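The values are calculated or read from the model by the stated rules, or taken from the named source; none is laboratory data. Model, not experiment: these values are computed from the prediction. Positions of Cβ are backbone-derived with ideal geometry, glycine not excepted, and every protein chain shown enters the neighbour counts.
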Amino acid sequence: MDRQVKGILGAKLGMTQVWDNNKVVPVTVVQAGPCVVTQVRTADKDGYPAVQLAFGAVDPRKVNKPRTGHFEKAGTAPRRHIVELRTTDAGEYELGQEVTVEAFGRAPSSTSPVRPRARASPAL
């Protein structure tokens, strides 16, 4: 895939730490993708260009009939999460196409530091 993907769905696996210039940096481990294109929206038909991505395994018995039909139309197995991302190049995607983390141009094992949250001061 040679176009820039705006986002990808993933699941948080946990936290770990890495050393950067003799400092410990907390990092979040995320399983990013693979996502499947379940719907392509165009400006002509829908009024805005967007791509609908689905991620995560789900038991087919737990999916209702309307959503089952939606996944059958895309030619893929049912997924747990569905998200729509607006993009200008939506027409270049196809139903059932798989979007992986390689679309971002980074190695699957690359890490990015996560900013630590602000901590509340202890009550006195």
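Worth a mention:
- Out of GLY7, GLY56, sole residue that is of a type outside the set (Phe, Trp, Tyr) and farther than 14 Å from VAL101 by Cβ: GLY56
- Within the range 35-63, the set of residues being closer than 23 Å to ALA11 by Cα, surrounded by fewer than 12 Cβ atoms within 10 Å (Cβ to Cβ) and of a type outside the set (Gly, Ala, Ser) comprises ASP59, PRO60, ARG61, LYS62.
- Pairs with Cβ under 7 Å, 6+ apart, first in the range 63-74 and farther than 15 Å from VAL37 by Cα, second modelled with pLDDT under 95: VAL63/PRO78
- Candidates are the residues of the range 64-81 that are assigned to a loop (DSSP other than H, G, I, E, B) and under 17 Å from the mean Cα position of the chain (by Cα); the one that is surrounded by the fewest Cβ atoms within 10 Å (Cβ to Cβ) is ALA77.
- Annotation note: Cβ proximity below 6 Å between a residue of the range 25-40 that is in a strand (DSSP E or B) and a residue that is of a type in the set (Ser, Thr, Tyr) (sequence gap 6+ or interchain) occurs for VAL27/THR16; VAL27/THR111; VAL29/THR16; VAL36/THR76; VAL37/TYR93; VAL40/TYR93.
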